[in-house]
1. Confirm whether A:ARG140 is in contact with a strand residue (DSSP E or B) (Cβ under 8 Å, 6 or more places away or on another chain), within 12 Å of RNA strand B (Cβ to nearest atom), closer than 22 Å to A:TYR180 by Cβ and basic (Lys, Arg).
2. For the condition under 26 Å from A:ILE82 (Cα atoms) and in contact with a helix residue (DSSP H, G or I) (Cβ under 6 Å, 6 or more places away or on another chain), what is the one hit in A:ALA137, A:ALA172?
3. Of all the residues that make up the range A:61-92, how many are closer than 19 Å to A:ARG278 by Cα and out of contact with any strand residue (DSSP E or B) (no Cβ under 6 Å at 6 or more places or on another chain)?
4. Return the pair list, or none, for Cβ contacts closer than 6 Å from residues in the range A:310-334 that are closer than 22 Å to A:ASN261 by Cα to residues that are among the hydroxyl-bearing types (Ser, Thr, Tyr), at least 6 apart or on different chains.
5. For the range A:1-60, give me each residue that is in contact (Cβ under 8 Å) with a residue 24 or more places away in the chain, out of contact with any helix residue (DSSP H, G or I) (no Cβ under 7 Å at 6 or more places or on another chain) and among the aromatic types (Phe, Trp, Tyr).
6. Across the range A:276-286, which residue is nearest to the chain's Cα centre (by Cα) among those that are surrounded by fewer than 17 Cβ atoms within 10 Å (Cβ to Cβ) and either polar (S, T, N, Q) or within 16 Å of RNA strand B (Cβ to nearest atom) (or both)?
7. Inside the range A:186-216, can you point out the residues that are touching a strand residue (DSSP E or B) at 6+ places or on another chain (Cβ under 8 Å) and not hydrophobic (A, V, I, L, M, F, W, C)?
8. Please indicate, with yes or no, whether at least one residue in the range A:167-180 is over 30 Å from A:CYS101 (Cα atoms) and surrounded by fewer than 17 Cβ atoms within 10 Å (Cβ to Cβ).
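The values are calculated or read from the model by the stated rules, or taken from the named source; none is laboratory data. If you're wondering where the values come from, they're calculated on a predicted model, not measured in any experiment. Don't worry about glycine lacking a Cβ; one is built from the backbone with ideal geometry, like all the others, and counts go over all protein chains shown.
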Amino acid sequence: MEKIITRFPPSPTGYLHIGGARTALFNWLYARHMKGKFILRIEDTDTVRSTRESVDAIFEALEWLEIDWDEGPFFQSRRFDIYTEYIQKLLDSGFAYYCTCSPEKLEEMRKKAMEVGGKPKYDGTCREKGLGRTDNAVIRFKAPVSGTTVLEDVIKGNIVFQNEELDDFIIARSDGSPTYNFVVVVDDITMGINTVLRGDDHVMNTPKQILLYKALNSPLPTFGHLPMVLGSDRTRLSKRHGAMSVTAYRDMGYLPDAFINYLVRLGWSYGDQEFFSRDELVEKFSLENIGRSAGIFNPEKLLALNADHIKETPPDELIKYLSPFLKEKGYSFQEGPFIESVIRTLNARSKTLKDMADDAGFYFTDTVSYDEKAAKKLFKPSSFEPLRLLLDQLEALDEFKEADLENAFKAVMEKTGLKLGKIAQPVRLALTGKTASPGIFEIIEIIGKDRVLSRIKDAIGIIKDKEACS
RNA sequence: GGUCCCAUCGUCUAGUGGUUAGGACGUCGGCCUCUCACGCCGGUAACGCGGGUUCGACCCCCGCUGGGAUCACCA
């Protein structure tokens, strides 16, 4: 069977957004699943809107998503010779012609057509004039005026277009630069692309492109149009639906694997399975299970999936992703058992890596800042005795191991007659500054004897001061 | 407006000519418990409407309605 060759062709006019990421992902997954090739192509023929920053932003986003490409990036701006050559081919074979109709005249025509309720299409004024090249002439494709063009879409099925609906679209502007529908086809032909997976919004372009393939005597690729991703109000996804840029999700603490897991499941299914590792996705991805209807982007489900992936990622692997968030907070640490245990206490409690870094503060700081309300409630005279007794118990311990710690607490419970909860909460506040944290024994073990003892002493001091004041 | 596409819980979806229409997120209730989570158990909620075809349609066909896409010398 022929080797599958897919591509992702973003135009660098902004950051990589969710829809683009999903298109890239489906093409990448399909290529990887089929052991084919995935090509990156930058569609920058619009020299006015294309920027170097956008190109970099796209690379950055793909890198984060861990979507790699086998060929490219190819830049259309550097392929003009090829386009010129193909335009000439079309001119020579009579499939294209020069047109000198002015933009103003065309605009007027469009307006009129819209008023009558018809499709605003070029009327073919110059079609048979046999005009030669002049300064303001554009080049149009000579499209068939009757018959049908059918798109055999692997996702949507057959879609039939009446050729009379199509018009002689422009393939080269008056300055000689080629236009989108034309360059896409030339690129896909010359790059050997045989599978085109793209957004739904391209279906109306496809008959034009099919006609071009035929005029160029090239075999058609397999087309598949992915359903759109919409915002919560069922309209096209935009800023007001939340973050659009893919890298914004990286910065919010999402795992790339969680992000792609969500994106793929939005429009693709594998029975009832919701959670997929990257490898599993590559293994199980298929075109047949892609849905036909548009999906609404649901940030809450993405968040839940992120939590699942954080939970399932082994601590030693998670470090790589968590590190930037810890470093941003100024925490220094070395990879190893310490940070891994820290992760183990937090991974079931964190929905994002940012949450995790936020909650991990007490493991890294020298001093603890207390939640005001909690301090008022828990650092009171009745906490003095249990804290003092616990301090004695802990000081006597050589090693801070869970079993020993439990015994230490038990001893305090027996002496004071208090339940564990009554003792643990003041201790938790003393150690973390907060009323919620991982298990009391695990954090004591990780924080370590020196810091634990000093933090308990600090708390005792505060309680004493309060007593003195009152 | 023309053309094209789409239609199962609020959302993502599974599903078959005969099912108690399944799962996940959310939500509600409970259990677990040193706090918060995790986890576990349970509840909530869907086949858009109208015609056909058929012994029987959520499923097949038609229409309607609703939603989306697209109509550039942008991509």
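1. Yes: the conditions hold for A:ARG140.
2. None of the other options fit; the residue is A:ALA172.
3. Number satisfying all stated conditions: 8.
4. Correct list of pairs: A:ILE310/A:SER350.
5. Result: A:PHE26, A:TRP28, A:TYR30.
6. The extreme case among them is A:SER277.
7. Scanning the range A:186-216 gives A:ASP187, A:ASP188, A:GLY192, A:ASN194, A:THR195, A:ARG198, A:GLY199, A:ASP200, A:HIS202, A:THR206, A:PRO207, A:LYS208.
8. So far as the range A:167-180 goes, no, none of its residues is over 30 Å from A:CYS101 (Cα atoms) and surrounded by fewer than 17 Cβ atoms within 10 Å (Cβ to Cβ).
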